[in-house]
Amino acid sequence: MQNLIDIHTHTLVSGHAFNTLQEMIDAAQGHGLKLYGVTEHGPAIPGTCDPLYFRNMYIVPRQYGDMRLMMGAELNIIDYEGTLDITKEFYFRCFDVTIAGLHQLCYKDGNRQQNTSALIGAIDNPHVNIISHPCDGTASDFDIEAVVLEAKKTGTLLELNNSSLNPYRGKQLARPYFLSMLRLCRKYGHPIIISSDAHHTSQLCDHQYANKLVEEANFPEELILNDKVDEFLNFIK
Ligand SMILES: [Zn+2]
Ligand SMILES: [Zn+2]
């Protein structure tokens, strides 16, 4: 399958990534992407950009040859209600795409019910387009089926995150949990998006671990949006 979309990546503005916006854009063009997303971490992650950065994103050109740039954010789910670390309506108008996710640095792993409620709260937020790495193990227990069903109900995309599956990161739960997510998405006919979550140009479009899992789950290509730009855009509208 041709990969035309990498919607979840970071630049050095996130504080622990290594390339500039222009370096990432050049690399994305080199990979032949049609849709490239830069989604810096929300303010609850130490060392990331000030919200003022998000307010100013409107000045960045969005078209590079036949590649469209989307400037967004990967916001943090910070409690068991699914509250995000940015709540003011104004900011959501600054984002071309809004991702929300759990991160150990600013989310305390709860019990099954608390973690499920945190994820469902974010899925129910009408501003949220995509849940990043829902199955990376930050929530050590949650009802994956309930999350998939809520995502389907609200038209929220669930991400298969390549970086979560990198063995170097030692996320033991990521493989079995993402595998369950894929099986449930297949069962209920809910699409996914594969992202590199690149923090360096060398990681851009690297979907090697995600692709292996997709194969293992016998996941249908029709439900992977990475080669379906219009369908993807329709989903996050
Ligand atoms: Zn993340
Ligand atoms: Zn990320």
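Might you report the magnitude of the Cβ-based charge dipole of the chain about its Cα centre, with Lys and Arg at +1 and Asp and Glu at -1, to the nearest 20 debye?
Dipole magnitude for the chain comes out near 160 debye.
Which of the three applies to the range 183-227, rounded, prolate or oblate, going by the alpha-carbon gyration tensor with a ≥ b ≥ c and a/c under 1.5 meaning rounded?
Prolate shape, in that a/c is at least 1.5 and a/b is the bigger ratio.
Using a cut-off of 13 Å between beta-carbons, work out the net charge of the residues near residue 14 (Lys and Arg +1, Asp and Glu -1, residue 14 not included).
Details: positive: none; negative: 40, 50, 74, 197.
Residues close to residue 14 contribute a combined charge of -4.
Within 10 Å of each candidate Cβ there may be at most 14 other Cβ atoms; applying that plus a DSSP loop requirement, which trypsin sites (Lys or Arg not before Pro) in the range 1-105 survive?
Sites meeting the loop and neighbour criteria: 62, 88, 93.
Which residues' amide hydrogens lie under 5 Å from the amide hydrogen of residue 64, considering only partners 5 or more residues apart or on another chain, with H built in the peptide plane?
Sorted by chain and number, the residues that satisfy this are 69.
Are there any GluC sites (Glu not before Pro) in the range 24-124 that are in a DSSP loop and have at most 16 other Cβ atoms within 10 Å? List them by number.
81
Starting from the Kirkwood Rh over alpha-carbon pairs, what translational D in µm² s⁻¹ does the range 1-133 have by Stokes-Einstein at 20 °C and 1.002 mPa s? Numbers along the way, then the final one.
On the way: Rh = 15.3 Å.
Answer from the Stokes-Einstein relation: 140 µm²/s.
Tell me which of 130, 64, 48 sits at the most positive position along the dipole axis of the chain, charges placed on C-beta atoms (Lys, Arg +1; Asp, Glu -1).
Highest projection toward the positive end goes to 130.
Measuring with a 1.4 Å probe in the full set of protein chains, what accessible area per residue, in whole Å², belongs to the range 5-236?
42
Post the alpha-carbon centroid distance, the range 14-46 to the range 133-201, in whole angstrom.
Each part reduced to its Cα centre gives a spacing of 21 Å.
Which percent of the accessible heavy-atom area of the chain goes to carbon and sulfur, probe 1.4 angstrom? Walk me through the numbers before you get to the answer.
Numbers: 5130 of 10220 Å².
In the chain, the share of accessible area belonging to carbon and sulfur is 50 percent.
When a/c reaches 1.5 or more, the comparison of a/b and b/c decides; with that in mind, is the range 109-237 rounded, prolate or oblate per its Cα gyration tensor?
Because its axes are fairly even, with a/c under 1.5, the range 109-237 counts as rounded.
Quick one: grab the alpha carbon gyration tensor of the chain, order the square roots of its eigenvalues as a ≥ b ≥ c, and give me rounded if a/c is under 1.5, else prolate or oblate depending on whether a/b is larger than b/c.
In terms of gyration-tensor shape, rounded.
Once you have the Cα-Cα distance between residue 237 and residue 87, take 0.36 nm times their residue separation minus that, and quote the gain in nm to one decimal.
Gain on stretching residue 237 to residue 87: 52.1 nm.
Pull up the cross-link candidates among the lysines for residue 88, meaning alpha carbon to alpha carbon under 22 Å and not fewer than 8 places away within one chain.
237
The values are calculated or read from the model by the stated rules, or taken from the named source; none is laboratory data. Just so we're clear, the structure is a prediction, and the values are computed from it rather than from any experiment. Here the Cβ is made from the backbone with ideal geometry for all residues, glycine too, and neighbour counts use every protein chain on show. Remember, those area values only see protein heavy atoms, side chains included, never the ligands or the DNA or RNA. Shrake-Rupley method; radii C 1.70, N 1.55, O 1.52, S 1.80 Å.
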